[in-house]
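One structure is given below, encoded as structure tokens.
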Amino acid sequence: MTNRLWIYDTTLRDGAQCEGLSLSLEDKLRIARQLDSLGIPFIEGGWPGANPKDVQFFWRLKEQPLTQAEVVAFCSTRRPGTTAANDEMLQAILSAGTRWVTLFGKSWDLHVIESLKTTLEENLAMIRDTIEYLRSQGRRVIYDAEHWFDGYKHNPDYAIKTLEAAADAGAEWLVLCDTNGGTLPHEVSQVVRDVLAALGTNREVPVQLGIHTHNDSGVAVANALTAVQEGVTMVQGTINGYGERCGNADLCSLIPNFQLKLGYDCIQDEQLVRLTQVSRSISEIVNLAPDDRAPFVGLSAFAHKGGIHVSAVEKNPLTYEHLEPEKIGNTRRIVISDQAGLSNVLAKARTFGMDLDRKNPACRQILEKLKDLESQGYQFEGAEASFELLMREALEQRPPWFEIKGFQVHCDKVGEDCTALATVKLSVNGTNILEAAEGNGPVSALDAALRKALVNFYPAIAHFYLTDYKVRILDSGAGTSAKTRVLVEFSNGQDRWTTVGVSGNILDASYQAVVEGLEYGLVLGDREAIVLTVSSY
């Protein structure tokens with residue numbers, strides 16, 4: 001295909017260098033299968049021989065191969081003063097058994113002299129010898145020109161010689177790497193043109209260029225887009241932009257831009273629809289919170305908050321959306337806040353299955369209540385379950401599941417151990433209940449006591465679990481008298497919902513949120529599931 005663009009994912013190697021990210025062998029295998037299902041053509045698995053985990057990764061994929069992706073082993077050129085055939089590092093690469101190998105070499109004379117402590121000619125020999133050896137062993141080679149743009153700026157003639165050495169030795173792709181992330185788009189554009197002119201088109205095997213950009217200047221995605229428009233046919237990046245320092249070019253932004261806006265063939269349309277799901281699944285695997293404001297796949301990417309915006313989007317989504325969110329597996333969201341107008345309330349009601357008439361007095365009541373609560377510190381953007389309960393109450397559709405009478409919490413610390421005992425009083429259908437339970441923290445104890453009191457009346461509660469707990473101090477200047485906002489997320493294994501509580505007392509705020517969380521779960525109905533329980537708050 002003349003418009004084919006080859007996507008090369010390096011999440012498992014370059015992305016794993018992200019601060020705070022640590023992957024187990026099972027994590028790497030799960031991510032590889034997610035990428036495979038997305039249709040990524042090349043998946044860089046790591047550096048075999050660098051650590052036991054990467055060796056095992058390639059072994060495991062031999063036993064259970066991916067369905068369509070090429071798994072790529074990564075390594076450097078041979079060491080100075082030896083030969084590729086005698087370099088033990090390359091034997092580990094061959095043992096990985098991949099058809100493709102990505103080899104990186106030095107483009108910048110500074111690195112050759114200062115880091116490798118060798119001559120410029122020996123560096124060229126290292127590039128040629130290593131690629132020729134890998135080719136003689138039946139491997140296909142992608143050559144990553146490390147620090148390419150910095151090297152070209154400082155010594156363009158020598159930098160070009162390194163690419164010529166790689167191409168002459170049999171590398172099929174020459175990937176220009178902005179390793180330090182300091183290059184700007186206009187520089188990328190000019191340098192790619194220079195490279196294509198210098199290497200010429202009269203070779204027996206035409207040169208194919210790739211691009212590998214880092215985000216230290218905040219333009220990794222822009223640099224990759226620019227390079228492709230100048231003739232690059234391979235793009236390297238990571239899911240969610242993970243990577244060392246400020247990260248790598250984000251494939252979750254690049255793929256839809258290339259495919260939906262520039263007309264390149266990257267993956268199948270039915271695979272593109274899974275992009276948001278894959279992004280969030282990999283976030284869960286690496287145990288890093290998803291970026292809600294990430295382009296295309298973020299929770300807020302198609303969220304509308306201002307009343308005028310919502311009114312327009314309801315009439316025609318093109319008014320405030322650059323593409324249909326469904327194309328990349330995301331969804332449109334109407335956000336409720338003190339910036340909301342009646343359009344927000346009506347649109348949000350429809351997502352809850354409520355068809356409200358703008359003339360219904362309850363609409364104005366809901367809007368006024370919303371603005372009043374937000375002025376007190378409540379926030380419903382991230383607590384839509386609480387907002388639905390507020391709407392149901394205004395519409396007289398909020399069942400009186402139970403009535404709260406009060407609670408007490410006692411914490412006892414002995415040595416290093418700290419336990420909490422919570423007592424709750426409530427009423428269900430006129431029956432008064434007094435119940436107590438222990439937990440390893442006050443919120444845990446409150447949650448346990450409430451469940452214990454209610455589960456006999458509402459068995460569905462046994463399937464609700466706390467999955468997240470967030471605290472925000474609203475007026476830090478007030479010291480210990482500051483108001484606290486608590487967001488609590490629940491799950492029943494199929495749905496997730498978040499509720500909010502606000503108070504000058506953190507336990508009271510937590511109690512409000514937990515109570516509403518249990519109540520909202522009852523609104524959703526009884527669904528059997530098992531989910532991870534947060535054991536400490």
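Data overview
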quantity: Lysines with Cα under 18 Å of K62, excluding same-chain neighbours fewer than 8 positions away; calculated: K28, K53
quantity: Estimated FRET transfer efficiency when R0 is 45 angstrom, pair A482-D355 (beta carbons, to 0.05); calculated: 0.65
quantity: Rounded FRET efficiency, nearest 0.05, which uses the C-beta distance separating L288 from A436 and R0 of 60 Å; calculated: 0.95
quantity: Enclosed volume per residue, in Å³, of the convex hull spanned by Cα atoms of region 330-425; calculated: 168
quantity: Solvent-accessible area per residue for region 457-523 (1.4 angstrom probe, square angstrom); calculated: 40
quantity: Of all accessible heavy-atom area on region 84-126, the percent that carbon and sulfur account for (1.4 Å); calculated: 54
quantity: Average accessible surface area per residue within region 154-253, 1.4 Å rolling probe, Å²; calculated: 36
quantity: Hypothetical label at K62: residues of region 130-145 whose amide nitrogen lies under 16 Å (7 Å Cα-Cβ projection); calculated: 138-139
quantity: Debye intensity ratio in log₁₀ form over the Cα atoms of region 108-213, taken at each q of 0.10 Å⁻¹; calculated: -0.26
quantity: Helix axis angle, 442-454 relative to the chain longest principal axis, alpha carbon, degrees; calculated: 60
quantity: Carbon/sulfur fraction of accessible area - region 461-525, other protein chains in place, 1.4 Å, %; calculated: 44
quantity: Accessible solvent surface per residue of region 22-130, calculated while the other protein chains remain in place, 1.4 angstrom probe, Å²; calculated: 42
quantity: Whole-percent pair-distance distribution, where bins are 10 Å wide, for the alpha carbons of the chain; calculated: 3, 15, 22, 20, 15, 13, 8, 3, 0
quantity: Calculated FRET value between Q365 and D475, using beta carbons and R₀ = 25 Å, to 0.05; calculated: 0.35
quantity: Length added when fully stretched, H186-E122, from 0.36 nm per residue minus Cα-Cα; calculated: 19.8 nm
quantity: Sulfur and carbon atoms: percent of accessible area, region 196-289 [1.4 Å]; calculated: 45
quantity: Derived scalar couplings ³J(HN,Hα) [region 178-193; Karplus, 6.51 cos²θ - 1.76 cosθ + 1.60; whole Hz; x for Gly, Pro]; calculated: 8, 4, 8, x, x, 8, 9, x, 5, 6, 4, 4, 5, 5, 4, 4
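The values are calculated or read from the model by the stated rules, or taken from the named source; none is laboratory data. None of the values given here were measured: they were computed from a predicted structure. Every residue, glycine among them, receives a Cβ derived from its backbone with ideal geometry; neighbour counts consider all protein chains shown. Side chains included, ligands, DNA and RNA excluded: accessible areas come from the protein's heavy atoms. Shrake-Rupley method; radii C 1.70, N 1.55, O 1.52, S 1.80 Å.
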